[in-house]
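The values are calculated or read from the model by the stated rules, or taken from the named source; none is laboratory data. In this text, all values refer to a predicted model and were calculated from it rather than measured experimentally. Using ideal geometry, Cβ is built from the backbone for each residue, glycine included, and neighbour counts are taken over all protein chains shown.
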Amino acid sequence: MWDAFRSRRWSRLLAAAAVAMAVLAGLAVAAGAWMYARAETSNVGDLDFADELAIPPLAEPTVAPDGTKVFDLRFTAGETDLVDDGPTETWGLNGTYLGPTVRAERGDRVRMDVTNGVDETTTLHWHGMHLPARMDGGPHQMVEPGDTWSPEWTLDQPAATLWYHPHLDGETAEHVYRGAAGMFIVDDPDEVPDLPDTYGVDDIPLIIQDKSFDDDGDLSMSTPFGSGIGFLGDTIVVNGSTNPHLPVTTELVRLRVLNASNARVYNLGFPDGRSFWQVASDSGLLARPHETGRLQLSPGERAEIVVALEPGERTVLRSFAPDLGPIFLGGRFDGGDDTFDIVQLRAAGELAPSPPLPDRLATVDAPDAADADVTRTFSLRGTSINGRDMDMDRVDEVVTVGSTEIWEVTNEHGRPHSFHPHLVQFSVLDVDGEEPPPELAGWKDTIYVPPDTTIRIIARFDDHADPTAPFMFHCHVLDHEDRGMMGQFVVVEPGDEPDLSGMDDERGHDH
Ligand SMILES: [Cu+2]
């Protein structure tokens with residue numbers, strides 16, 4: 001009788017436990033389904049494109065007696081009207097949001113007078129620029145509040161759409177997110193293909209960022225549940241406009257597209273299915289126009305495209321679901337299913353004629369794999385490169401000036417990463433052993449590295465040897481970079497050893 005009672009009690013307990021587990025499992029499935037459903041973000045259909053797209057002004061240099069073009073860039077904090085709930089507290093250069101477009105020619109000597117007008121230490125890095133390490137604006141070139149930092153160098157690289165942004169160790173994501181960024185266009189007087197080139201008329205900068213705003217219109221930067229890529233915003237801001245249309249007055253319009261977002265990957269195209277021509281990648285013109293229906297850009301990447309419009313028509317530049325590679329649930333929690341309208345293009349009733357697109361654009365004299373002196377490997381995993389987190393006092397790689405190097409970059413992690421070496425323009429040799437697709441065939445400085453993928457890039461390290469100052473290489477997913485996914489390389493003359501002991505003095509404090 002006692003045994004029977006005990007076994008009845010047990011069976012009741014077991015039944016109750018089974019019910020509880022079923023309820024919990026059901027809740028978990030429901031929560032998972034809810035989070036899965038919530039993870040997809042889209043603004044398609046929400047915008048009426050009422051506002052004319054803002055165009056960043058061109059920076060006006062002064063010319064020093066020796067011919068140096070001097071540009072003033074002042075970090076500024078303030079309030080900007082980005083959304084109806086605003087104003088929003090933001091940062092900019094020479095204004096409260098973003099900065100002017102700097103434009104100069106290959107061969108020009110430039111000096112950038114960068115003044116820190118905000119109350120935090122920051123830096124300003126020239127992304128994609130070929131220049132000495134001390135002028136690079138990386139984590140070592142800190143600018144304290146109230147100080148002016150004045151790097152100068154001679155522009156010596158192909159025509160390209162570059163950009164500038166803060167690069168403070170551990171704070172890059174936050175500083176870029178607040179709005180401190182701008183475009184830097186390099187022209188090459190020896191290579192001027194007949195492309196639309198009137199700034200703000202048929203040659204248009206598109207600085208694309210995603211933001212989230214709280215109820216007061218201020219920026220918030222929380223990482224959504226399940227995201228391995230970091231912050232993803234639900235509002236697209238283009239040149240500071242959140243509901244923009246671009247008036248088009250010419251048959252062809254050239255768009256210089258910069259993904260200045262912290263983590264989001266865009267896959268641009270048009271819902272009416274029209275194709276367009278990619279004419280440049282990050283660091284230079286393609287050899288010839290590449291006709292395509294999609295353009296995918298990971299953070300930090302740029303491309304120039306040319307779009308043809310008919311008089312009076314309207315179309316929308318849209319970001320379709322990006323292809324993030326072999327990743328859990330297609331990368332849904334990393335923005336892999338997200339779609340966004342970016343900007344509407346509104347053609348005037350009459351369009352000024354544009355010259356036909358040239359067949360050839362530039363000579364891309366990329367090095368051959370057979371020319372390589374050295375091959376290095378870089379393994380991306382977690383938030384480390386080759387198992388190490390960023391250390392400002394450590395030299396990770398030493399490059400001998402004059403060498404041509406293959407850098408073999410592998411994403412050994414199931415999450416999205418990218419790779420950006422400073423100093424050099426690189427050419428892509430192969431992606432998992434396959435010849436690179438046409439969109440990766442030109443000069444680049446930043447590349448998306450899908451999960452479980454190896455990309456081999458090649459670059460010449462012809463000059464700017466300095467054993468006392470390092471260049472960075474890092475993942476351009478800014479949250480990853482800030483968490484340590486960055487390393488340092490130094491370029492030396494043959495036989496020299498790197499020595500970073502002077503960098504602390506340059507920063508003005510120990511750390
Ligand atoms: Cu990363």
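Please specify each residue of the range 125-136 satisfying the condition of being not in a strand (DSSP E or B) and not small (Gly, Ala, Ser). Hits for the range 125-136 are Met129, His130, Leu131, Pro132, Arg134, Met135, Asp136. Would you say Pro87 is surrounded by fewer than 18 Cβ atoms within 10 Å (Cβ to Cβ), over 23 Å from Val491 (Cα atoms) and outside the structural domain of Ala469 (by TED's automatic domain parsing)? Here the answer is yes, as Pro87 does meet what is asked.
When the residues of the range 453-492 are narrowed to those that are within 16 Å of the ligand (Cβ to nearest atom) and β-branched (Val, Ile, Thr), which ends up nearest to the chain's Cα centre (by Cα)? Looking at the filtered set, the residue picked out is Val477. Taken as a whole, the condition of being in a strand (DSSP E or B), within 26 Å of Gln157 (Cβ to Cβ) and not assigned by TED's automatic domain parsing to the domain that holds Asp169 does not apply to Thr363.
In the range 340-358, the residues that are under 12 Å from Leu252 (Cβ atoms) form Cβ pairs under 9 Å with partners that are basic (Lys, Arg), at six or more places apart or across chains, as follows: Leu345/Arg314; Ala347/Arg314; Pro358/Arg288. Evaluating Ala180 against the criteria (1) within 21 Å of Thr62 (Cβ to Cβ); (2) crowded, with 23+ Cβ neighbours inside 10 Å leaves one unmet condition, (1). Within this structure, Thr453 fails the test of being in contact with a Leu (Cβ under 7 Å, 6 or more places away or on another chain) and more than 26 Å from Pro158 (Cβ to Cβ).
Just one of the listed residues (Arg274, Arg254) is away from the ligand (no atom under 16 Å from the Cβ) and assigned to a strand (DSSP E or B), and it is Arg254.
When you scan the range 178-195, do you find a residue that is assigned to a strand (DSSP E or B) and at pLDDT below 95, even just one? Among the residues of the range 178-195, not one is assigned to a strand (DSSP E or B) and at pLDDT below 95, which makes the answer no. Residues in the range 56-73 that are under 22 Å from the mean Cα position of the chain (by Cα) and part of a strand (DSSP E or B): Leu58, Leu73. Residues in the range 411-418 include at least one that is within 23 Å of Ser281 (Cβ to Cβ), among the small types (Gly, Ala, Ser) and not assigned by TED's automatic domain parsing to the domain that holds Met135.
Of all residues in the range 227-243, those satisfying the criterion of being away from the ligand (no atom under 16 Å from the Cβ) and either assigned to a loop (DSSP other than H, G, I, E, B) or farther than 30 Å from Arg415 by Cβ (or both) are Gly233, Asp234, Asn239, Gly240, Ser241, Thr242, Asn243. Can you tell me which residue within the range 83-124, out of those that are part of a loop (DSSP other than H, G, I, E, B) and acidic (Asp, Glu), is nearest to Asp46 (Cα to Cα)? Per the criteria, the residue is Asp84. With the structure loaded, tell me whether Asp389 is away from the ligand (no atom under 16 Å from the Cβ), over 20 Å from the mean Cα position of the chain (by Cα) and of a type in the set (D, E, K, R) or whether it fails that test. The answer is no for Asp389. Considering the range 369-483, the qualifying strands (runs of 3 or more DSSP E), each wholly inside and each with 3 or more residues that are surrounded by 22 or more Cβ atoms within 10 Å (Cβ to Cβ) and modelled with pLDDT of 95 or more, run over 403-411, 417-421, 447-449, 453-461, 471-474. Can you find a residue that is touching a residue at least 40 places away in the same chain (Cβ under 8 Å) and either touching a Leu at 6+ places or on another chain (Cβ under 6 Å) or within 16 Å of the ligand (Cβ to nearest atom) (or both) anywhere in the range 429-437? Within the range 429-437 (the criterion being touching a residue at least 40 places away in the same chain (Cβ under 8 Å) and either touching a Leu at 6+ places or on another chain (Cβ under 6 Å) or within 16 Å of the ligand (Cβ to nearest atom) (or both)), the answer is no, since none of the residues qualifies.
State whether the residues of the range 163-176 include one that is touching a residue at least 40 places away in the same chain (Cβ under 8 Å), more than 22 Å from Ala280 (Cα to Cα) and surrounded by fewer than 18 Cβ atoms within 10 Å (Cβ to Cβ). Yes, some residue in the range 163-176 is touching a residue at least 40 places away in the same chain (Cβ under 8 Å), more than 22 Å from Ala280 (Cα to Cα) and surrounded by fewer than 18 Cβ atoms within 10 Å (Cβ to Cβ).
Inside the range 397-415, residues that are of a type outside the set (Lys, Arg), in contact with a Pro (Cβ under 7 Å, 6 or more places away or on another chain) and within 14 Å of the ligand (Cβ to nearest atom) make up a count of 3.
If you go through the range 415-442 and keep only what is on the phi > 0 side of the Ramachandran plot and out of contact with any helix residue (DSSP H, G or I) (no Cβ under 8 Å at 6 or more places or on another chain), you end up with Asp432, Gly433. Looking for something away from the ligand (no atom under 16 Å from the Cβ), on the phi > 0 side of the Ramachandran plot and not charged (D, E, K, R) - is there at least one such residue anywhere in the range 202-216? For the range 202-216, residues away from the ligand (no atom under 16 Å from the Cβ), on the phi > 0 side of the Ramachandran plot and not charged (D, E, K, R): absent.
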